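The values are calculated or read from the model by the stated rules, or taken from the named source; none is laboratory data. The model shown is predicted, which means the values in this text are computed figures rather than measured ones. Cβ: placed from backbone, ideal geometry, glycine included. Neighbour counts: every protein chain shown. We work out accessible area using only protein heavy atoms, side chains counted, and drop any ligands, DNA or RNA first. Shrake-Rupley method; radii C 1.70, N 1.55, O 1.52, S 1.80 Å.
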Amino acid sequence: MTDAPRARPAAHVVRRGEGMPLVALHGNGVDHRMLLGLDDVLAASGGWERIYPDLAGFGRTPALDAPGGLPELADWTVATVRDVVGDRPFALIASSLGGLLARHVVAAMPDQVRGLALLAPVVDPVPSRRSLPPF
C-alpha cells in the first residue's frame, strides 16, 4: 500500500456560451447529454457559460480508481468544478445523483456559488431514509 496521491481522471466537458458559469451535473446511468435539452432555454435567457461535464465513470470521463464510491465521486466533482470555474462565481443545475453531488459542491465552495437548481435530486443516498410520495 502506498500513500502516493492517486491520479484524478480528467472530465470530458462540453462548454457553450459566455457569461457566468453554469455547471450542469447529470444523474446516474446517463452522461452530460441528459441536460443538453435545457441548453436552448438557457442560451435564450442569456448571460450563461453552460458547462456540461461527464461525471467520473460516465460518458467520456474515465472511472475513478478503487475505491471509487460516493465520497470519492463527490470529492472528484468538487475538484472538477474548481478546475472548470477557477475562482469565478458560478451557479449549478443538477439532476438526480447530480443533485446530491451539487449539494456537496455548495458545501465545499459556498462563497462562489450564486445559485442552485435541482431537478429530481437525490437528497439522501440511503433509500430507507427517504420519504417519497405515493405513485
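Values for this structure:
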quantity: Region 54-130, accessible surface, carbon-and-sulfur percent (1.4 angstrom probe); calculated: 55
quantity: GNM flexibility winner over the chain from Gly17, Gly37, Gly99 (Cα, springs under 10 Å); calculated: Gly37
quantity: The chain - Rg and Dmax from Cα coordinates, angstrom; calculated: 15.1, 52
quantity: Hydrodynamic radius by Kirkwood, which averages 1/r over all alpha carbon pairs of region 59-135, in angstrom; calculated: 13.6
quantity: The chain, accessible area per residue, ligands and nucleic acids excluded (1.4 Å, Å²); calculated: 57
quantity: The chain: calculated mean residue ellipticity at 222 nm from DSSP helix runs of at least 4, using -39500 (n - 2.57); calculated: -8000 deg cm²/dmol
quantity: Solvent exposure ordering (accessible area, 1.4 Å, most first) of Phe90, Phe135; calculated: Phe135, Phe90
quantity: Burial order of peptide ranges 24-35, 78-89 (average beta-carbon count within 10 Å, highest first); calculated: 24-35, 78-89
